[in-house]
Amino acid sequence: MNPRQLVEHWVDCFNRADADALAACYAEDAINHQVVRDPVVGRAAIRDMFASEFEQATMHCRIENLFRDGDWAILEWSDPSGLRGCGFFQVRDGKIVFQRGYFDQ
């Protein structure tokens, strides 16, 4: 999958609240850094982060814009409650190796 296709798949997994399928999108040593918290390092820790978040809240990601530039995908998103944000995903060998997220809280 190219970066755009992988992020489209990521959004589908996210919207199903499937932490295991989301984790499979990441490289073993991936980093997920959301600006409101410290970076989460490693596929297992990223999976646990998503599982915990899905237990705490119902979340849904609507794609507003999705761009690809080389090995990067840039996702502008919103959710039904009005939350908006942007995510940057660096992809190598079909897996996310780095993700950075910005959103209004």
Inset, instruction - Can you list which of the GluC sites (Glu not before Pro) found in the stretch 38-82 are DSSP loop residues with at most 12 other C-beta atoms within 10 Å? - result: none
Inset, instruction - Would you calculate the separation in nanometres between label points at CYS86 and ALA44, each defined as 7 Å from the Cα along the Cα-to-beta-carbon direction? - result: 3.5 nm
Inset, instruction - Could you order peptides 40-48, 2-10 by the average number of other Cβ atoms within 10 Å of their residues, highest first? - result: 2-10, 40-48
Legend entry - the chain, accessible surface, carbon-and-sulfur percent (1.4 angstrom probe): 48 percent
Legend entry - Radius ratio Rg over Rh of the chain, counting only Cα atoms, Kirkwood formula for Rh: 0.92
Inset, instruction - Amide H neighbours of GLN34 under 5 Å, at least 5 residues apart or on other chains, H built in the peptide plane: list them. - result: VAL40, GLY101
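The values are calculated or read from the model by the stated rules, or taken from the named source; none is laboratory data. All values reported here derive from a predicted model rather than from experimental measurement. In this analysis, Cβ positions are derived from the backbone assuming ideal geometry, glycine residues included, and neighbour counts consider all displayed protein chains. To get the accessible areas, we keep the full protein, side chains included, count just its heavy atoms, and leave off ligands, DNA and RNA. Shrake-Rupley method; radii C 1.70, N 1.55, O 1.52, S 1.80 Å.
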